[in-house]
Amino acid sequence: MPDTVLPGMSADELALARRPLEQAWTLPPAAYVRDDVYGLEVERVFRRTWTPLARVDQLPEPGDYLTVDLMGQPLLVVHGADGAFRVMSNVCLHRAAAIAEGSGRRKLFTCPYHSWAYDTAGQLVAAPLMEGADGFAPEGCRLPQVRTEVWEGFILANLDPEAEPFAPQAEGLRSYFERYNMADMVVARTLTYESGWNWKVLVENFMEAYHHIGPHAQTFEPVFHARDSKVPDNEGQPWSILHMPAADPAAAGHGERMVQGLEDWQAGALFAAVAFPHFMFALHGNGMAWYQVFPEAADRLVLKIHVCVPGFARQLPDYEQIVEASAQFTDHIHQEDIAANDLVWRGLTAPMTRQGRLSPLEASIWQLNQWWLGRMGALV
Ligand code: FES
Ligand SMILES: [Fe+2]
């Protein structure tokens, strides 16, 4: 009998992480730092779960596209001539050159190598100088299509053709935030960060407010007390919500709120939601911050924080100032989190480091850990 079911993690360690929340420990350090664990995550987690690639408002017109790399698969996200959003392989069917780069608007995607041309649905429509290639029929050639769903304005993709659809799993999330009308939000600004930590260090930091008393003592803690934060039951679904009520609900009700129609308990509050593994968005009375995560290695990730506002806000005379202020505040908070995550990463990679106890305030981390252990096939 092997005494370990995931690389570098003993059955005893995994059992500690599996305990009920009130008795639970964190994941073992090996879960974060080992390359072989990351390799298993790519196979068992990232290539089988739904990842948000874009917002529909980033591709408003037919022909609009952007390119993205999802776990080693170059992808083309396209607003088709027929209005449908599609995600497809961005690899030429001839000799595998990447077809498009960056983003833009096109009627045809012409491969830069030998000029094979594809339409916005990925259908090959021209292949010059192929006369004499027996039986070659462009009509039978289409770029491989990736499972795609549009959910609340997000264009999601899943590399697993057998994956469960996203929307039913996320129905609890959708209904909880229905009044924010996320589908109507637009990306106003994107901030990009490269960081030298495991992706779970970022996600865990995002999903608990316990640390408001540390890195955010001067910023969030006076407004959203760590001790007041709550994690609603996720009914075993693959997501978590962190609810950060306003310390002073009376004050929170005042002032301009760009998102209309919120209930009182929502209006002044801050929420951090995660659809596992790393589809993260924060919601508040003025809009949304979408944290788009690109894991690159066990110890490396790229994060894009998309500052989003309700669509009508683009008409406001002070739109630029609103967006600038929101972007600056978001960056300021994230710099505080970067400093904390740097400290965690130094510690996690040290040889004497072991699991630690979770606080009940970290229920969302516990929820993610249970899901992760299941997905990774931990048998304990
Ligand atoms: S590799 Fe694309 S046309 Fe040859
Ligand atoms: Fe934080």
> Is the shape of the stretch 97-212 rounded, prolate or oblate, going by the alpha carbon gyration tensor and its root eigenvalues a ≥ b ≥ c, with a/c under 1.5 for rounded and a/b larger than b/c for prolate?
Replying inline: prolate
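With the contact rule set at Cα under 8 Å and sequence spacing of 6 or more, what percent relative contact order holds for the stretch 51-158? If you can, show how the numbers build up before the last one.
Working: 228 pairs, mean separation 29.4, N = 108.
Relative contact order of the stretch 51-158: 27 percent.
Tally up the carbon and sulfur contribution to the accessible surface of the stretch 70-183 as a whole percent, 1.4 Å probe, everything protein left in place. Don't skip to the end; give the middle numbers.
Details: 2930 of 5640 Å².
Carbon-and-sulfur percentage of accessible area, whole number: 52.
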>> Based on alpha-carbon centroids, what's the gap between the stretch 131-170 and the stretch 86-129 in Å, whole number please?
In response: 15
> Using alpha-carbon positions, what is the distance between the centroids of the stretch 323-372 and the stretch 1-74, in Å?
Replying inline: 16
> Can you run phi through the Karplus equation (6.51, -1.76, 1.60; θ = phi - 60°) for the stretch 225-237 and list ³J(HN,Hα) in whole Hz, with x for Gly and Pro?
Replying inline: 5, 3, 5, 8, 5, 9, 10, x, 4, 9, 6, x, 7
>> Within the stretch 155-171, list the residues whose amide N lies under 19 Å from a label point set 7 Å along Cα→Cβ of E43.
In response: 159-163
>> Keeping every protein chain present and rolling a 1.4 Å probe, give me the accessible area per residue for the stretch 51-158 in Å².
In response: 45
> Setting aside same-chain residues fewer than 8 positions from K200, which lysines have a Cα under 27 Å from its Cα?
Replying inline: K230, K304
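Nearest 0.05, what FRET efficiency do D57 and M352 give at R0 = 45 Å with Cβ-Cβ as r?
Numbers: r = 48 Å, r/R0 = 1.07.
Taking R0 as 45 Å, the efficiency between D57 and M352 is 0.40.
D for the stretch 157-293, whole µm²/s, Stokes-Einstein with Kirkwood Rh over alpha-carbon pairs at 37 °C and 0.692 mPa s: what number? The partial results should precede the final answer.
Details: Rh = 16.2 Å.
D = 202 µm²/s.
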> For the stretch 188-340, which whole-number percentage of the solvent-accessible area (1.4 Å probe, protein heavy atoms only) is attributable to carbon and sulfur atoms?
Replying inline: 51
> How large is the dipole of the stretch 1-107 about the Cα centre if only Lys and Arg carry +1 and Asp and Glu carry -1, each at its Cβ, rounded to the nearest 20 debye?
Replying inline: 460
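Express the relative contact order of the chain as a whole percentage, based on alpha carbon pairs under 8 Å and six or more residues apart in sequence.
Numbers: 729 pairs, mean separation 76.2, N = 380.
Reported relative contact order: 20 percent.
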> Under the Karplus relation 6.51 cos²θ - 1.76 cosθ + 1.60, θ = phi - 60°, what is the ordered set of whole-Hz ³J(HN,Hα) values for the stretch 65-73, x standing for Gly and Pro?
Replying inline: 8, 9, 10, 7, 9, 10, 6, x, 9
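Taking the Cα centre of the chain as origin and charging only Cβ (+1 Lys, Arg; -1 Asp, Glu), how large is the dipole, in debye to the nearest 20?
For the chain, the charge dipole is close to 400 debye.
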> Amide H to amide H, which residues 5 or more places from T120 or on other chains are under 5 Å from it, using H placed in the peptide plane?
Replying inline: A81
>> If every alpha-carbon in the stretch 27-103 counts as one equal scatterer, what log10 I(q)/I(0) does Debye give at q = 0.11, 0.17, 0.28 1/Å?
In response: -0.40, -0.76, -1.26
>> Averaged across orientations, what area in nm² does the convex hull of the alpha carbons in the chain project?
In response: 21.6
> When the dipole is taken about the Cα centre of the stretch 51-158, and only Lys, Arg (+1) and Asp, Glu (-1) are charged at their Cβ, what size is it in debye, to the nearest 20?
Replying inline: 100
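Hey, if we sort R18, R142, R95 by accessible area with the 1.4 Å probe, largest down, what's the order? Before the final figure, lay out each step's value.
On the way: R18 80, R142 105, R95 140 Å².
Result, largest first: R95, R142, R18.
Using only the Cα atoms, work out Rg/Rh for the stretch 64-122, with Rh taken as the Kirkwood radius, to two decimals.
When Rh is taken as the Kirkwood radius, the ratio is 0.93.
Please give the calculated 222 nm ellipticity per residue for the chain, where each DSSP H segment of at least 4 residues contributes -39500 (n - 2.57) and the sum is spread over every residue; nearest 500 deg cm²/dmol?
Values: 10 runs with 92 residues, N = 380.
Mean residue ellipticity at 222 nm (helix-derived): -7000 deg cm²/dmol.
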> Taking the C-alpha atoms of the stretch 51-158, how large are the radius of gyration and the largest Cα-Cα span, Dmax, in Å?
Replying inline: 13.8, 48
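The values are calculated or read from the model by the stated rules, or taken from the named source; none is laboratory data. Just so you know, these numbers come straight off a predicted model, no measurement behind them. Glycine also receives a Cβ, built like all others from the backbone with ideal geometry; neighbour counts cover every protein chain displayed. With ligands, DNA and RNA removed, areas are computed over all heavy atoms of the protein, side chains included. Shrake-Rupley method; radii C 1.70, N 1.55, O 1.52, S 1.80 Å.
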